[in-house]
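Colleague: Pasting a structure below so you can have a look.
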Amino acid sequence: MASKDSNREKPPPLSIEIKATQDQFFVWREFVWGGIAGAFGEGMMHPVDTLKTRLQSQIIMNASQRQKSIPQMLRTVWVGDGLKGFYRGIAPGVTGSLATGATYFGVIESTKKWIEETHPNLGGHWVHFIAGAIGDTLGSFVYVPCEVIKQRMQIQGTSSSWSSFISRDSVPVKPRGDMYGYYTGMFQAGSSILKEQGPKGLYAGYWSTLARDVPFAGLMVMFYEALKDLTDQGKKKFPQFGVNSSIEGLVLGGLAGGLSAYLTTPLDVVKTRLQVQGTTIKYKGWLDAVGQIWRKEGPEGFFRGSVPRVMWYIPASALTFMAVEFLRESFREKSKNNNIVVSNLSIESKGSSVHEVREN
């Protein structure tokens, strides 16, 4: 005779469906990858950025002297400071790029998805432009103070060259407040600016930074995605010429960054001069700076430093996009190898046995 227990029906298994795909988007990974890639690009190309900053700000530092060309400025920095002069301000530069890269790439994908779902009528390129602009805008709260500190450290060079410049050109420094004192490091510079000028000093040129970076970030993403679309079409027609995603990111990122950098150089000139002037108020604001540059220097003034700016952004953008694509591709390959996609997970409530079905 069968026992009671044997006749008792087993409860149905409790099933939990877990849906996932190998290419599932994880926002936090995009933040990490973007931060690493941004810092990598900035660190590699910082000397070129120093040259660009010196070229754009020399009219504030040497208003009565003839403006130096690229070779002349290279020699000036090298003779005065040596190699370390080109790396002044690298700490705040890398810090700012970490924040910008993280928010830029971390926000872009989620913003693109949201816009495509809520506003399907918007064209693809406009979606990319808006996503890039939003990502860069969010990063500006950290990036701008770092940019102010970085550029002021860049134009100062080493302590000996700054002291020589001050005495040679009779430029007044503290306590009169017409020019800032020498900054020994990132945190000392930040606290000094905050003490002397308040938050306004750390965010000097904030709106001009947004005026430069919002169109730059939007254009760069738009150009990059457009070039990727062209590349994908080419791969379909000529599959034998396909390259891996890292090389593709290197080339397309460089082209997108260089073109965007050149088109936004006038905005960069205005931003740089507003940020390096300190308490020596040469320009009262963005419009005043635009007007003075146009009257005194003409169109040439707005494109001062365009060559080193493009020289900086082509490899910096190339390295950044290459790093991001490499990390993405590596994660996808790891996902395939580890076979982490779970299509169904069934748990029996009494037998404590777990049945896991994996997709091959």
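The values are calculated or read from the model by the stated rules, or taken from the named source; none is laboratory data. If you're wondering where the values come from, they're calculated on a predicted model, not measured in any experiment. Here the Cβ is made from the backbone with ideal geometry for all residues, glycine too, and neighbour counts use every protein chain on show. Heads up: the accessible areas ignore ligands, DNA and RNA and are worked out on the full protein's heavy atoms, side chains in. Shrake-Rupley method; radii C 1.70, N 1.55, O 1.52, S 1.80 Å.
Colleague: Please verify whether segment 220-227 includes one or more residues that are surrounded by 20 or more Cβ atoms within 10 Å (Cβ to Cβ), in a helix (DSSP H, G or I) and without any contact (Cβ under 8 Å) to a residue 40 or more places away in the chain.
Modeller: yes
Colleague: Which numbered condition trips up residue 239, out of (1) modelled with pLDDT of 85 or more; (2) farther than 23 Å from residue 136 by Cβ?
Modeller: (1)
Colleague: Continuing with the same structure: Among the residues of segment 42-60, count how many are under 12 Å from residue 95 (Cα atoms) and touching a residue at least 60 places away in the same chain (Cβ under 8 Å).
Modeller: 1
Colleague: Which of the residues that make up segment 227-267 are under 30 Å from residue 291 (Cβ atoms) and among the hydroxyl-bearing types (Ser, Thr, Tyr)?
Modeller: 260, 262, 264, 265
Colleague: Could you look through segment 282-315, keep only residues that are open to solvent by less than 70 Å² (accessible area, probe 1.4 Å), modelled with pLDDT of 85 or more and of a type in the set (Phe, Trp, Tyr), and pick out the one that is farthest from residue 272 (Cα to Cα)?
Modeller: The extreme case among them is 313.
Colleague: How about segment 190-213: which of its residues are in a helix (DSSP H, G or I) and open to solvent by 40 Å² or more (accessible area, probe 1.4 Å)?
Modeller: 191, 194, 195, 196, 197, 199, 200, 207
Colleague: Looking only at segment 154-167, which residues are assigned to a helix (DSSP H, G or I), surrounded by fewer than 24 Cβ atoms within 10 Å (Cβ to Cβ) and either touching a Phe, Trp or Tyr at 6+ places or on another chain (Cβ under 8 Å) or modelled with pLDDT under 85 (or both)?
Modeller: Once the filter is applied, which keeps residues that are assigned to a helix (DSSP H, G or I), surrounded by fewer than 24 Cβ atoms within 10 Å (Cβ to Cβ) and either touching a Phe, Trp or Tyr at 6+ places or on another chain (Cβ under 8 Å) or modelled with pLDDT under 85 (or both), segment 154-167 yields 159, 160, 161, 162, 163, 164, 165, 166, 167.
Colleague: Any idea which of 216, 187 is open to solvent by 20 Å² or more (accessible area, probe 1.4 Å) and not small (Gly, Ala, Ser)?
Modeller: 187
Colleague: Given the conditions (1) surrounded by fewer than 23 Cβ atoms within 10 Å (Cβ to Cβ); (2) at pLDDT 80 or above; (3) not small (Gly, Ala, Ser), which single one is not true for residue 171?
Modeller: So the condition that residue 171 fails would be (2).
Colleague: Any chance segment 107-116 includes a residue that's closer than 21 Å to residue 217 by Cα, open to solvent by 40 Å² or more (accessible area, probe 1.4 Å), at pLDDT 80 or above and not hydrophobic (A, V, I, L, M, F, W, C)?
Modeller: Checked against the condition, which is being closer than 21 Å to residue 217 by Cα, open to solvent by 40 Å² or more (accessible area, probe 1.4 Å), at pLDDT 80 or above and not hydrophobic (A, V, I, L, M, F, W, C), segment 107-116 yields no hits at all.
Colleague: Looking at (1) farther than 26 Å from residue 80 by Cα; (2) at pLDDT below 80; (3) in a helix (DSSP H, G or I), which is the one condition that is false for residue 145?
Modeller: Only one criterion in (1) farther than 26 Å from residue 80 by Cα; (2) at pLDDT below 80; (3) in a helix (DSSP H, G or I) is unmet by residue 145, namely (2).
Colleague: A further question follows. Could you grab me the full set of residues in segment 66-95 that are open to solvent by 80 Å² or more (accessible area, probe 1.4 Å) and free of Cβ contacts under 8 Å to residues at least 12 places away in the same chain?
Modeller: Passing the criteria: 66, 71, 72, 75, 78, 79, 83.
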